[in-house]
Amino acid sequence: MTTLTAAELPALARGAAVLGTGGGGDPHIGRLLAEQALRVHGAVEIVSVDDLPDDACVLPVAMMGAPTVMVEKLPSADQIAIAVQTLAKYVGKTPTHIACIEAGGVNSTVPVIAAAQLGLPLVDGDGMGRAFPELQMVLPTLSGIEATPMSIVDEKGNRGVFDTISNQWAERLARSATVDMGCSAIVSLYAMTGAEARESFVPGTLSQCVALGQAIDDARRSLADPVAAVVDRLGGRLLHVGKVVDVQRRTTTGFARGDATVDGLDESLGRLLVLRFQNEHLVAEIDGAAVATTPDLIIVLDSESGEPITTEALRYGHRVSVLAAPADERWHSPAGIDLVGPRYFGYDLDPIRALEVV
Amino acid sequence: MRIGIDVGGTNTDAVLLDGTTVLAANKSATSEDVTAGIIDTLDRLQAERAFDPAQVQAVMIGTTHFINALVEARRLAPTAALRLGLPATASLPPLVDWPSRLVEAVKGRSYLAHGGHEFDGRHIAELDEDELRRHAGDMVAHGVRSVAISSVFSPVSNEFELRAAEILRSELGDDVAISLSHEIGRIGLLERENATIINAALRELAASIVDGLAGAVAGHGIAAPLYLSQNDGTLMDVDFARRYPVATFASGPTNSMRGAALLSGLDTCAVVDVGGTTSDVGVLTHGFPREATTEVDVAGVRTNFRMPDVLSIGIGGGSLVAEDNDLVTVGPRSVGYRLTEEALVFGGTTLTATDIAVAAGWASVGSVDAVADLDPTLVKAALARVAADIADAVERMRTSPDPLPVVAVGGGSILLPDDLPGSLAVHRPDHFAVANAIGAAIAQVGGEVDRVYAIDPGRRDAVVDEARQEAIDRAIAAGADPAQVRIVDFDEVPIPYLPGNATRIRCKAVGDLRLGQS
């Protein structure tokens, strides 16, 4: 993929929602903003991670806050470019590339808007290969790349820069600022060179999102199985097919936590799958035994349409297919597991790989 | 006594009810002239069962006029959309996601101004009254006759929408209608705003239709109050209907489901309306339809109306029956309205679901001889297919594991057995042809709250009580009998990432209409 046009946005948003593993919110607003930006500024050039010059100045940009707030207080597109410019000014460099830090409903489209506005190419890759809830949870953290200096910008014109002692502190301070800014802010962070991006990024994420979105669409058009198309594309495995029979939600320390129970149908008849989620799906258990956990991807799709389902949208009666797919291998390093393994999220489990238990 | 009338695009149904007893019912073609149509309908009721107009306590009307006007893009007023939210939201101004054809039909003009709230009630920016006056001047210059005002997080605080309305009214005069988004929709700015703009565009039509309806009822000597039914199965009075025509959009399916439930004596059930091509399945809980949680597209505009959640599947009386090896399929292809020419029992050559029902002895329409030679195994398999698919659709719509009785209505309900797989008992009420009008006549009055609350530790119960009380107060203000009001729907969803246990609470109260002495 060398350019991104408005025609690919629906596929990009749908594919990103698949990799978003239940988190990332409703992509509608992000898609509208990106469509408008591409209409005004033209298509965005896409650069593969391998083609980045070593000394490129890559600035990732993302939305931080509550997806539920974003559907009401619509972000302003200018804010997105300003976040990048604020960081560029602070670090005293001229950005050459924009990048995506997370794959998920909204954060896959925010960098498209920045790239279109600033007339910069967009890196075909991201910092996670999926979605996670906190800003230190990215592969660049494992490579020793600092989240800060980072900029944080609201729609009112407030701008801030944090320069913190660790990426965890960046998360903590930025979270507080985001809340005061009205619970949605645009951040630009993890400024890095082309060489660093090549080392720490998951390559090809944007192309993968578009390909996933198109695979779902193509399967539906040709009356093939869209769920199988996603499994194939991700090299994953179908864990369970069934119907949601229970969804329990609770809120603790700012996360939408909960469990969903999926009663097996067809080939899964007689088995019960339980999903444990905190914004994203983190653990899948069948008949009481964990069969897949974070950092691998646990994805819930509508069994019929193949449409990805966010944790907020799960409800009784939904016919769903649950699949697991391998995360980037670096997430399985000891440091990766410390950062995003099941124990970080409070589940007393060793990580279980998507393709491990059969 | 009360009268219920459902004015559909094709037919107008009317019933005269005493309590829940049907005294008279009729069905006629909808006429172009609203007033004349209602007068005619009332005359027919009078002819079927003479009644003293003074004995009528209330008249309830469900109408599709407004949604049809939008879909057909006719009789819409020149409309301005004013949003308070700057400096936020500027990138996606009002009308941004509307089809251009409809923007032209409403001569849509879009304005952005400062204002709006944060999720916790803080101001995004203060209102700039001079800015609003400048916008008002531009509206006058462009012949705007109706204005929709939306403000960011107005479901949390309505103060800016109210103040902006005051300013616009003083600039534009009383002849320009003003619609406020916090009174129309819920959280989700674009969707709520879209619904408000649609409402604004329908205000002039609403005035003329409501006058026509009121005139017809009064002309018949009925002095009782007139109500219109809303999407959620509750009523609004005539003044409210003038201001909120958009609230009638989905009243048709809602009235049909509620009417069917009343006729069957069940208040928690699935209603399966089997037509010629599709079956529509909805679920009633305590007499009210479950609402769709997803956005609803109306005439190409994304909205978040309170619409009943209805699942349509491709099975109806005209569905084609096919046999492929051992697999028997029914639908989704259908002969539709050509059923009476193409089905075997009507002398045609196409095997339809209706032929199967006749062959099985479940229905007696057309010629039984025409299907006498059908293979009994095929008939059995086709009926089993229909039962399994309908049961599956009902199953999907269930929100709890408790068994759910099924109320079957519509001409195609002859296809259903007395028990569906999953031990779902099937009920078939009388008078279902006028279920819509009955649904209108039995409608109650409701009040709703939908807001994000910051719940301090230990305060959850107090906040919940506050929300419930507000819903009840709103229902009473809308005309509900205070002794009858109860909470029928309560939903609490924590919002991720927000501090202070921010929780979105939706709560609905309804009660019987307070009727005057007769």
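Every number in this text was worked out from the coordinates using simple rules, so none of it is lab data. The structure displayed is predicted, hence computed values, not measured ones. Cβ atoms come from the backbone with ideal geometry, glycine included; neighbour counts cover every protein chain shown.
Contact order normalised by length for chain A, with contacts defined as Cα pairs under 8 Å and 6 or more residues apart; what percent is it?
Numbers: 869 pairs, mean separation 68.4, N = 358.
Worked out over chain A, it gives 19 percent.
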Each residue of segment B:48-54 in turn: what ³J(HN,Hα) in whole Hz from Karplus with 6.51, -1.76, 1.60 and θ = phi - 60°, glycine and Pro shown as x? 6, 8, 4, 9, 8, x, 5
Would you calculate, for chain B, the mean residue ellipticity at 222 nm contributed by helices, counting each DSSP H stretch of 4 or more residues as -39,500 (n - 2.57) and dividing by all residues, to the nearest 500? -10000 deg cm²/dmol
Fewest to most neighbouring Cβ within 10 Å: what's the order for A:Arg130, B:Arg333, B:Arg468? B:Arg333, B:Arg468, A:Arg130
Springs between alpha-carbon pairs under 10 angstrom, Gaussian network model over chain A: which of A:Val340, A:Val18, A:Val61 fluctuates most? A:Val340
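When Lys and Arg each count +1 and Asp and Glu each count -1, what net charge do the other residues less than 13 Å away from B:Gly9, Cβ to Cβ, add up to? Intermediate results must be reported in sequence, preceding the final value.
Numbers: positive: none; negative: B:Asp6, B:Asp13, B:Glu32, B:Glu72.
So the surrounding residues net to -4.
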Please give the net charge around B:Ser319, taking every other residue with its beta carbon less than 11 angstrom from that of B:Ser319, where Lys and Arg add +1 and Asp and Glu add -1. 0
Between segment A:270-287 and segment A:130-181, what is the separation of their alpha carbon centroids in Å? 30 Å
Once you sort the root eigenvalues of the Cα gyration tensor of segment B:331-423 as a ≥ b ≥ c, which label holds: rounded (a/c under 1.5), prolate (a/b larger than b/c) or oblate (the other case)? prolate
So what J values fall out for segment A:25-30 if you push phi through Karplus, 6.51 cos²θ - 1.76 cosθ + 1.60 with θ = phi - 60°, rounded to Hz, Gly and Pro as x? x, 6, x, 4, 5, x
Could you work out the helix-only [θ] at 222 nm for chain A, with each DSSP H run of four or more residues adding -39,500 (n - 2.57) and the total divided by the number of residues, to the nearest 500 deg cm²/dmol? -9000 deg cm²/dmol
For B:Asp489, residues with placed amide H under 5 Å, excluding near neighbours: B:Lys508
Taking every residue in B:158-165, how many Cβ atoms of other protein chains lie within 10 Å of its Cβ, on average? 0
Which of the peptides B:250-256, B:273-279, A:172-178, B:173-179 is most tightly packed, and how do the rest follow, going by the mean number of other Cβ atoms within 10 Å of each residue? B:250-256, B:273-279, A:172-178, B:173-179
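With the cut-off at 1.5 for a/c, could you classify chain B from its C-alpha gyration tensor as rounded, prolate or oblate?
Values: a/c = 1.80, a/b = 1.59, b/c = 1.13.
Prolate, because a/c is 1.5 or more and a/b exceeds b/c.
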What is the distance in Å between the Cα centres of segment A:312-345 and segment B:456-476? 37 Å
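For peptide A:73-85, what's the mean number of Cβ atoms from other chains within 10 Å of each residue's Cβ?
On the way: counts 11, 12, 5, 8, 3, 3, 4, 1, 0, 0, 0, 0, 0.
What the average comes to for A:73-85 is 4.
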May I ask you to evaluate 6.51 cos²θ - 1.76 cosθ + 1.60, the Karplus curve with θ = phi - 60°, for each residue of segment A:298-311 and list the ³J(HN,Hα) values in order in whole Hz, giving x for glycine and proline? 10, 10, 10, 10, 5, 4, 8, 8, x, 5, x, 10, 7, 4
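Beta carbons within 10 angstrom, averaged per residue: use that to sort the peptides B:483-493, B:34-44, highest first.
Numbers: B:483-493: 15.7, B:34-44: 18.8.
Order by mean packing, descending: B:34-44, B:483-493.
For chain B, give me the percentage of DSSP beta bridges that are antiparallel, rounded to the nearest 5 percent.
On the way: 61 of 94 bridges.
Approximately 65 percent, going by the DSSP bridge assignments.
Counting other C-beta atoms within 10 Å, which of A:Lys243, A:Lys93, B:Lys508 has the fewest, and how do the rest follow?
The most exposed by this proxy come first: A:Lys93, A:Lys243, B:Lys508.
Shielding of B:88-97 by partners, i.e. mean partner chain Cβ atoms within 10 Å per residue? The partial results should precede the final answer.
Details: counts 11, 6, 7, 14, 9, 2, 0, 0, 5, 3.
Taking all residues of B:88-97 together, the mean is 6.
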Which percent, nearest 5, of DSSP beta bridges in segment B:79-183 are antiparallel? 5 percent
Which of rounded, prolate, oblate describes segment B:79-183, given a ≥ b ≥ c as roots of the alpha-carbon gyration tensor eigenvalues and a/c under 1.5 marking rounded, otherwise prolate only if a/b is larger than b/c? oblate
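Based on the Cα atoms of the protein assembly as shown, what semi-axes does the equivalent ellipsoid have, where each is the square root of 5 times one gyration tensor eigenvalue, given in whole Å with the largest first? Let's see the in-between values first.
Details: eigenvalues 470, 257, 113 Å².
Over the Cα atoms of the protein assembly as shown, the ellipsoid semi-axes are 48, 36, 24 Å.
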Cβ neighbours within 10 Å, averaged per peptide: list A:2-14, A:44-56, A:134-146, A:291-303 in order, most packed at the top. A:291-303, A:134-146, A:2-14, A:44-56
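Could you give the size of the charge dipole of chain B about its Cα centre, using +1 on the Cβ of each K and R and -1 on the Cβ of each D and E, expressed in debye and rounded to the nearest 20? It would help to have the intermediate numbers written out before the result.
Values: 42 positive and 70 negative charges, 113 e Å.
Result for chain B is approximately 540 debye, rounded to the nearest 20.
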Take the alpha carbon atoms of segment A:1-76, find their center, do the same for segment B:272-314, and report the distance between the two centers in whole angstrom. 32 Å
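When the convex hull of the C-alpha atoms of segment B:444-511 is computed, what volume per residue in Å³ does it have?
65 Å³
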For B:Ala81, enumerate residues with amide H under 5 Å from its amide H, sequence gap 5+ or separate chain, H modeled in the peptide plane. B:Arg109, B:Ser110, B:Tyr111, B:Ala148
Bridge type composition, the protein assembly as shown - antiparallel percent by DSSP, nearest 5: 75 percent
Considering amide H positions built from the backbone, and no H for Pro or chain starts, which residues 5 or more places from B:Glu291, or on another chain, come under 5 Å of its amide H? B:Asp309
For A:Lys73, go through the lysines and keep the ones whose alpha-carbon is under 22 Å away, minus same-chain ones fewer than eight residues off. A:Lys156
